[in-house]
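Visitor: Just passing along the structure, written as structure tokens.
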Amino acid sequence: MIDARQLTKRYGEKTAVDGLDFVVKPGSVTGFLGPNGAGKSTTMRMIVGLDAPTGGTVTVNGRRYARHRAPLQEVGALLEAKSVHPGRSARSHLRALALTHGIPARRVDEVIELAGLGSVAKKRAGSFSLGMGQRLGIAAALLGDPQTVMLDEPVNGLDPEGVRWIRTLLTSLAAEGRTVFVSSHLMSEVAQVADHLIVVGRGRLLADTTVQELVRAADGASVRVATRDPARLRDVLTGPGVDISGRPGSEELQVTGLTAREIGLKAAEHGIPLFELTARSVSLEEAFMELTRDAVEYHGSTTALGAPGSPEPAGRTA
Amino acid sequence: MSDTLTTAGAGTTAPARPAYRVTGPRVLRAEWAKLWSLRSTWITLGLALLFLVAFGIIAATRFRSLTGSARMPGDFARSTALSLSLFGTNFAQLALGVLGVLVTAGEYSTGLIRSTLTAVPRRLPVLWSKAAVFGLVALVTGTLGAFTAFLFGSRVVAGTSAAMGFTHAGVVRSLLGAGLYLGLVGVIGTALGALLRSVAAGVAVLVATFMLIPGLMSLLPSSWQADISPYLPSHAGESLFTLAPDPTVLSPQSGLLVFLAWTALALAGAAYRLLRSDA
């Protein structure tokens, strides 16, 4: 259980985290989403006391992280990929962390196996690939058998096998009743494992919702229909709750509030020939982009990348 | 995979959950393990020992070969078996001081500090443990090196004007003093590393404190020199292993107090930064 109240972090003029209020509950995977620079990492660093909040508080299981007698047993955190001395072996690294808490050597071997590091445990961490480094970080996070597991961009640099491993791990940790809090800047990564979503942008809370709710909200599905006589079709379809748009001179219409099936039936009823009838549902990714559109730090490059590929003006999907 | 997970998670139910706890002695043990699990520790300690013993023997051999010769410089002629044997202290202090800086600043340059402070979020036990563990190791290395250097050095100069044995008044005190000095230099190194959070900056300040500033003292008016010079960390420290009481140098006892004060100052600065700054 993580409880943030009006959590704020300022670096001089820049506000990295701006009055965040959220609760991460046990027994489920909570995704922490936001574009790069949204303040996700800073928030996580404040949770484990590496950064001191400028304002507000954040507690873990009812207490500030540093106040716990065995912090590694409360929260296991994977922060930046490498928080390891490159000259030390994976085993020595984990052993040193274990010693601070009196965690037995048996548990060190256990997490080494769990993270699939058995064959490289005696190698210097500096020789590890990005994926191996991530696995070592996760082994360290699980060392204290923590109630809360917090991972910052855990699939970065992992191969598909590793990505699947993380997903299985996260779901099983949540199934054991633990609090799982995982950050990402990609909706697609989180949507598959998370039940709950906390979306931030520019340090502010944009949404505190569930995946299902977000899908439902995003699912204002529209239908694209092309016909020789758009004006007549428009008259036929018009009704309460139906919104029709289309450019003058174009044969295409954009209809919301009716299903493709309903439109097809009505058109047939009135003898209007259709050339195209396409249902377009808004993807979770699009819903996320829409939500964070104003909060993206580097706006210019985003639109430049998006423009040539998408024939629709971005606003249409809303 | 999921089997392993379930087994690992079996401890989540309240009664079966092991009662871990962070304690001072445990942090000390962790820092001890961290120190010895790096190859650079062994190499640098070996170098410090080598500097102490080898340079001591070289200085003694040089003295012996110049004995009776007109080429013997005046200062050098007044050497004792002790001063010759401890000739390598300057170099050993650099090796131990740099290793001390690495013990703390190295954690910041590698990112390890995030793991360390997540495990011990109260932070100060980490600094005290690092200073204690490395200070002890540097003390033992320095003492061992000083005694070994004197053992060989005093044999080399036996029969010359510098001849001196372990039983000579003040020799054992000076050799222990040299070890203590090197141990405290190690502590100052760890404090500087934690204060500056950068290996380069830590080493630079260390070298300036122990090697450059003493040389710059000659630029000051001589009346100031006499007032300030004895209290510099390097000079106060040297009085710990200087045999002949020199009016321009502090007594070993007051030298130790002054040097301890410098060490405490460096540690206090490191503690302040550790608590106040984000990691």
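The values are calculated or read from the model by the stated rules, or taken from the named source; none is laboratory data. Every value quoted in this text rests on a predicted model; they were computed, and no experiment measured them. Here the Cβ is made from the backbone with ideal geometry for all residues, glycine too, and neighbour counts use every protein chain on show. Ligands, DNA and RNA are excluded from the accessible area calculation, which covers all protein heavy atoms including side chains. Shrake-Rupley method; radii C 1.70, N 1.55, O 1.52, S 1.80 Å.
Visitor: Would you call A:Gly144 open to solvent by 40 Å² or more (accessible area, probe 1.4 Å), touching a residue at least 12 places away in the same chain (Cβ under 8 Å) and among the small types (Gly, Ala, Ser)?
Guide: Judged against the criteria, A:Gly144 is not a match.
Visitor: Hey, any hits in segment A:167-178 for a residue that's open to solvent by 20 Å² or more (accessible area, probe 1.4 Å), under 30 Å from the mean Cα position of the chain (by Cα) and among the acidic types (Asp, Glu)?
Guide: Within segment A:167-178, one or more residues are open to solvent by 20 Å² or more (accessible area, probe 1.4 Å), under 30 Å from the mean Cα position of the chain (by Cα) and among the acidic types (Asp, Glu).
Visitor: Take the conditions open to solvent by less than 40 Å² (accessible area, probe 1.4 Å) and not small (Gly, Ala, Ser) and apply them to A:Glu153. Does it pass?
Guide: Yes: the conditions hold for A:Glu153.
Visitor: Considering each residue of segment B:34-49, count those that are within 10 Å of chain A (Cβ to nearest Cβ), in contact with a helix residue (DSSP H, G or I) (Cβ under 6 Å, 6 or more places away or on another chain) and either over 11 Å from B:Lys130 (Cα atoms) or not in a helix (DSSP H, G or I) (or both), and give that number.
Guide: 2
Visitor: Considering only segment A:64-88, state which residues are over 19 Å from the mean Cα position of the chain (by Cα) and more than 7 Å from chain B (Cβ to nearest Cβ).
Guide: Within segment A:64-88, A:Arg64, A:Arg67, A:His68, A:Glu74, A:Val75 qualify.
Visitor: Something else: Does at least one position in segment B:252-260 carry a residue that is without any contact (Cβ under 8 Å) to a residue 24 or more places away in the chain, open to solvent by 50 Å² or more (accessible area, probe 1.4 Å) and over 30 Å from A:Ser41 (Cβ atoms)?
Guide: yes
Visitor: Out of all the residues in segment B:91-114, which are without any contact (Cβ under 8 Å) to a residue 40 or more places away in the chain and surrounded by fewer than 24 Cβ atoms within 10 Å (Cβ to Cβ)?
Guide: B:Thr110, B:Gly111, B:Leu112
Visitor: Please verify whether B:Val185 is among the β-branched types (Val, Ile, Thr), within 20 Å of B:Val258 (Cβ to Cβ) and crowded, with 20+ Cβ neighbours inside 10 Å, treating the condition exactly as stated.
Guide: Yes.
Visitor: Would you confirm, using the coordinates I've provided, whether B:Ser239 is surrounded by 12 or more Cβ atoms within 10 Å (Cβ to Cβ) and away from every other protein chain (no Cβ under 14 Å)?
Guide: So B:Ser239 passes the test.
Visitor: Of all the residues that make up segment A:92-124, how many are part of a helix (DSSP H, G or I) and either more than 9 Å from every other protein chain (Cβ to nearest Cβ) or hydroxyl-bearing (Ser, Thr, Tyr) (or both)?
Guide: Residues that pass the stated criteria total 11.
Visitor: For segment B:58-75, which residues satisfy the criterion of being open to solvent by 50 Å² or more (accessible area, probe 1.4 Å) and in a helix (DSSP H, G or I)?
Guide: Of everything in segment B:58-75, those that are open to solvent by 50 Å² or more (accessible area, probe 1.4 Å) and in a helix (DSSP H, G or I) turn out to be B:Ile58, B:Thr61, B:Arg62, B:Arg64, B:Ser65, B:Asp75.
Visitor: OK, next. Say we look at segment A:54-63 and pick out the residues that are part of a strand (DSSP E or B) and within 14 Å of chain B (Cβ to nearest Cβ); which of these is most open to solvent (accessible area, probe 1.4 Å)?
Guide: A:Arg63
Visitor: Now for a separate question. Run down A:Ala90, A:Ala105 and say which single residue is out of contact with any Pro (no Cβ under 7 Å at 6 or more places or on another chain), assigned by the TED database to the domain that holds A:Leu151 and surrounded by 19 or more Cβ atoms within 10 Å (Cβ to Cβ).
Guide: The unique qualifying residue is A:Ala90.
Visitor: Which of the helices (runs of 4 or more DSSP H) found entirely inside segment A:132-224 contain at least 1 residues meeting this: within 14 Å of chain B (Cβ to nearest Cβ)?
Guide: A:160-175
Visitor: With respect to A:Gly102, is the statement that it is touching a helix residue (DSSP H, G or I) at 6+ places or on another chain (Cβ under 8 Å), farther than 21 Å from A:Gly162 by Cα and touching a residue at least 40 places away in the same chain (Cβ under 8 Å) true?
Guide: no
Visitor: Still on this structure, please answer the following. So which residues in segment A:20-53 are open to solvent by 20 Å² or more (accessible area, probe 1.4 Å), within 13 Å of chain B (Cβ to nearest Cβ) and in a loop (DSSP other than H, G, I, E, B), if there are any at all?
Guide: Listed by number, the residues that qualify are A:Pro26, A:Gly27, A:Gly49, A:Ala52, A:Pro53.
Visitor: Counting just the residues of segment B:190-218 that are touching a Ser or Thr at 6+ places or on another chain (Cβ under 6 Å) and under 17 Å from B:Phe134 (Cβ atoms), which one comes out most open to solvent (accessible area, probe 1.4 Å)?
Guide: B:Val199
Visitor: Shifting gears a bit: Residues B:Gly170, B:Gly106: which one is within 14 Å of chain A (Cβ to nearest Cβ) and not aliphatic (A, V, I, L, M)?
Guide: Selected residue: B:Gly106, the only one of B:Gly170, B:Gly106 that is within 14 Å of chain A (Cβ to nearest Cβ) and not aliphatic (A, V, I, L, M).
Visitor: Within segment B:133-151, can one find any residue that is modelled with pLDDT of 95 or more, closer than 30 Å to A:Val149 by Cβ and within 14 Å of another protein chain (Cβ to nearest Cβ)?
Guide: Checked against the condition, which is being modelled with pLDDT of 95 or more, closer than 30 Å to A:Val149 by Cβ and within 14 Å of another protein chain (Cβ to nearest Cβ), segment B:133-151 yields no hits at all.
Visitor: Quick one: which of B:Pro233, B:Pro221 is out of contact with any strand residue (DSSP E or B) (no Cβ under 6 Å at 6 or more places or on another chain) and surrounded by fewer than 21 Cβ atoms within 10 Å (Cβ to Cβ)?
Guide: The conditions single out B:Pro221.
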